[in-house]
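So the structure is just underneath, and the comments pick up after that.
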Amino acid sequence: QVQLVESGGGLVQAGGSLSLSCAASGRTFRPYTMGWFRQAPGKERNFVAAIRLSDGMTDYAASVKGRFSISRDNAKRTVYLQMNSLKFEDTAVYYCAEGGSWLPFRPNGYWGQGTQVTVSS
């Protein structure tokens, strides 16, 4: 069983930036991708971004394209999410996951505890 720990969330004003990290450890079965999802209160958990671990190819939800950037450090088993030009609509709990597919990215069912991102003003 893989353990995923998200960090870096916080309170930021609209237009600001925030950087999230997700560190993986423990048992995993050759993950093909890693990605980020987010969930606002009363809403479904939605896809944000994914990265293919082999070559770093990326995919983004239309709502964040051009503002967010996903990257990874395979040696550290860590994935990052750089968030710029944040909007109120970005407010959510952000989760990371590993998966075995690409386009679409399908999480394998193991999630971190999440990190809260709140955008004000």
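Using a 1.4 Å probe, how large is the accessible area of THR91, given in Å² and rounded to the nearest 10?
Only protein atoms counted, so the area is about 30 Å².
Can you give the net charge of the other residues whose Cβ lies under 9 Å from the Cβ of GLY35, counting K and R as +1 and D and E as -1? Provide the component values of the computation, followed by the final result.
Working: positive: none; negative: ASP59, GLU98.
Here the charged neighbours net out to -2.
Please report, in debye to the nearest 20, how large the charge dipole of the stretch 36-121 is about its Cα centre when each Lys and Arg carries +1 at its beta carbon and each Asp and Glu carries -1 there. Could the numbers behind the result be given before it?
On the way: 11 positive and 7 negative charges, 4 e Å.
For the stretch 36-121, the charge dipole is close to 20 debye.
Compute a Gaussian network model of the chain, connecting alpha carbons closer than 10 Å, and tell me which residue from PHE37, PHE68, PHE29 fluctuates the most.
Residue with maximal mean-square fluctuation among PHE37, PHE68, PHE29: PHE29.
Subtracting the Cα-Cα distance from 0.36 nm times the residue separation, let me have the gained length for TRP111 to SER25 in nm, one decimal.
Using 0.36 nm per residue and subtracting the Cα-Cα distance, I get 29.8 nm.
Any idea of the accessible area per residue across the chain, 1.4 Å probe, to the nearest Å²? The partial results should precede the final answer.
Working: 6430 Å² over 121 residues.
Value for the chain: 53 Å² per residue.
Give the whole-number value, in cubic angstrom per residue, of the convex hull volume spanned by the C-alpha atoms of the chain.
On the way: hull volume 11.2 nm³, N = 121.
It is 93 Å³ per residue.
Quick one: with all protein chains in place, what share of the accessible area of the stretch 54-121 is carbon or sulfur, to the nearest percent (1.4 Å probe)? Display every interim value, and only then the final one.
On the way: 1750 of 3590 Å².
Carbon and sulfur together cover 49 percent of it.
So which residue, out of ASP90, ASP59, ASP73, gets the largest mean-square fluctuation from a GNM of the chain using Cα contacts under 10 Å as springs?
For the chain, modelled as a Gaussian network with Cα springs under 10 Å, the answer is ASP73.
The values are calculated or read from the model by the stated rules, or taken from the named source; none is laboratory data. The shown structure was predicted, so the numbers you read here are calculated from the model rather than taken from an experiment. Ideal geometry is used to build each Cβ from the backbone, glycine not excepted, and the neighbour counts take in all protein chains shown. What goes into the accessible areas is simple: the full protein's heavy atoms, side chains included, and nothing from ligands, DNA or RNA. Shrake-Rupley method; radii C 1.70, N 1.55, O 1.52, S 1.80 Å.
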